[in-house]
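Okay, structure first, notes after.
The values are calculated or read from the model by the stated rules, or taken from the named source; none is laboratory data. Quick caveat: nothing in here was measured; it's all calculated off a predicted structure. No Cβ is skipped: glycine too gets one built from the backbone with ideal geometry, and neighbour counts run over all protein chains shown. Only protein heavy atoms, including side chains, enter the accessible area calculation; ligands, DNA and RNA are left aside. Shrake-Rupley method; radii C 1.70, N 1.55, O 1.52, S 1.80 Å.
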Amino acid sequence: MGPGDTTPENRNVVRDRNRAAVLGAIVTKGPIARSELAELTGLSQGAVTKVVAPMIEAGYVVEQEGSSTGAGRPRVPLSVRPDRRFAVGVKVMEREIIGVVVDLSGRVVAQQRSRLESTEVATVVAGTGDLVRRLLAEDDTFGSRTFDLGVGLAGQIDNDHRTLRSSAMLNWQSVPLGALMEAETGLRTVVENDVNTLAVAELWFGAGVDMPWFAVVTLGAGIGSALVLDGRVVAGARGAAGELGHLVVAPGGRSCRCGNRGCLETIASDPAILASIAEAGGPADLDIAGAAELARRGDATAAAAFARAGAALGSGIAALANLVNPERIILSGEGIVASDLLLSAVRETFAAQTLPTGGAYELLLRPLPDETWARGAAAVALQGIFTGGSNLPGPTRTA
Ligand SMILES: [Zn+2]
């Protein structure tokens, strides 16, 4: 299909892409005038008007009445109508599922949690089905305006976003999770690595809007990362990009759950920090918040464990920065409750090990609650509408 191809299929693809670009810009920048949309997307004003009309008719976009900038031509800003469509996002964890309903503006409009009795595939699928039905029952409009489900979990996901290849947390291999969830819920389902879901949420609705180059690094039971390069989350050829936790920073060091030795996770994950405190004669029954408290009260062993973790983390993030040169590095995950104890060491090694690039890297701390991960999964499900991957249902077909 070349640029001169004017077959109906090609015209539809182009129109879809234009529509998605315009809708995406209205979602992230709205309220916004047609002229600004043209400038942002590189489309002519006529083309913008043409793709916006069916979106208005289908109720996805609304014109703000009576708006004007005073002198000159009136500008009628456009914004998305948030409650025109919803998506459900769930985050599957070892013992719990968190679910949210999110509107078109990325706002969480309902949230619920559900305990998991086991991590058997059938239990998780049935539990998710229950949770989705409970969520959709919360409001009359949810049932008729929800078509998409995003499922986020720790693991490697095939690039079709349907099959979970492996998850150490759940002890799963090759699970056709998308198909199973669709059969259970009746919603079109996309499956995504949980750190990538956070990146997608930041890209559309958070600290990544207007930021085409950024990385998300999560601290906690493991260490994960997601890379957004030139405005897209990078999955890798096999969906396995971003395994920052398994970067070897201490060759020959402690053995890691991946089978290797000296991975970043063996020094800087929450369990590694706790193990290091216990091995040095400190208490063995702490959680990460307790360990942080101990260090803040002046315990030298605990403080040293955090400092070591921070230094290793700084090295790992520096490697990431040197490779892909993000503008911003967002630190999140439950492990950042101890960020005050980690950060000075992180900054020190990071500064020492990154090459000068003519501009500073920004390290941004984002204490995001658990629901944010589920919101990210919903954002992944909605993303198809903003990028042209799925049609807008409604009275007027746009493709
Ligand atoms: Zn490892």
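Hey, any hits in region 187-202 for a residue that's over 19 Å from Ala311 (Cβ atoms), small (Gly, Ala, Ser) and open to solvent by 10 Å² or more (accessible area, probe 1.4 Å)? No, that holds for no residue. Please list, ordered by first then second residue, the pairs with beta carbon atoms under 6 Å, 6 or more apart or interchain, first in region 229-251 and more than 12 Å from Leu320 (Cα to Cα), second of a type in the set (Ser, Thr, Tyr) and within 16 Å of the ligand (Cβ to nearest atom). Sorted first by the residue in region 229-251, then by its partner, the pairs are Val249/Ser315. Of all residues in region 216-250, those that are within 12 Å of the ligand (Cβ to nearest atom) and either of a type in the set (D, E, K, R) or not in a strand (DSSP E or B) (or both) total 9.
So, in region 320-332, exactly how many residues are open to solvent by 40 Å² or more (accessible area, probe 1.4 Å) and assigned to a helix (DSSP H, G or I)?
So the count comes out to 2.
Within region 290-302, the residues that satisfy the criterion of being open to solvent by 40 Å² or more (accessible area, probe 1.4 Å) and either outside the structural domain of Leu313 (by TED's automatic domain parsing) or in a helix (DSSP H, G or I) (or both) are Glu293, Arg296, Ala300, Thr301. Please tell me if Leu247 is crowded, with 20+ Cβ neighbours inside 10 Å, over 18 Å from Arg375 (Cα atoms) and modelled with pLDDT of 95 or more. No, not satisfied. One residue stands out in region 266-289 among those that are exposed (fewer than 14 other Cβ atoms within 10 Å of the Cβ) and assigned to a helix (DSSP H, G or I): the one that is farthest from the ligand (Cβ to nearest atom), namely Ala289. Of the residues making up region 94-101, not a single one is of a type in the set (Asp, Glu), assigned to a strand (DSSP E or B), surrounded by 18 or more Cβ atoms within 10 Å (Cβ to Cβ) and within 22 Å of the chain's Cα centre (by Cα). Just one of the listed residues (Gly335, Gly314, Gly310) is under 24 Å from the mean Cα position of the chain (by Cα), without any contact (Cβ under 8 Å) to a residue 40 or more places away in the chain, part of a helix (DSSP H, G or I) and buried (at least 19 other Cβ atoms within 10 Å of the Cβ), and it is Gly314.
If the requirement is being at positive phi, more than 18 Å from the chain's Cα centre (by Cα) and of a type outside the set (Asp, Glu), which of these qualifies: Gly242, Gly231, Gly262?
Gly262
Only strands (runs of 3 or more DSSP E) whose full extent lies in region 106-181 are considered here, and the ones with at least 2 residues that are modelled with pLDDT of 95 or more, open to solvent by less than 40 Å² (accessible area, probe 1.4 Å) and not aliphatic (A, V, I, L, M) are 146-153. Scanning region 94-114 for residues that are free of Cβ contacts under 8 Å to residues at least 60 places away in the same chain and touching a Gly at 6+ places or on another chain (Cβ under 6 Å) yields Ile97, Gln112, Ser114.
Restricting attention to region 251-265, the residues that are near the ligand (Cβ under 7 Å from one of its atoms) and open to solvent by less than 40 Å² (accessible area, probe 1.4 Å) total 3. Contact map, region 42-67: residues that are assigned by TED's automatic domain parsing to the domain that holds Ile26 paired with residues that are part of a strand (DSSP E or B) and of a type in the set (D, E, K, R), Cβ distance under 7 Å, separation 6+ or inter-chain. Pairs shown: Ile56/Glu63.
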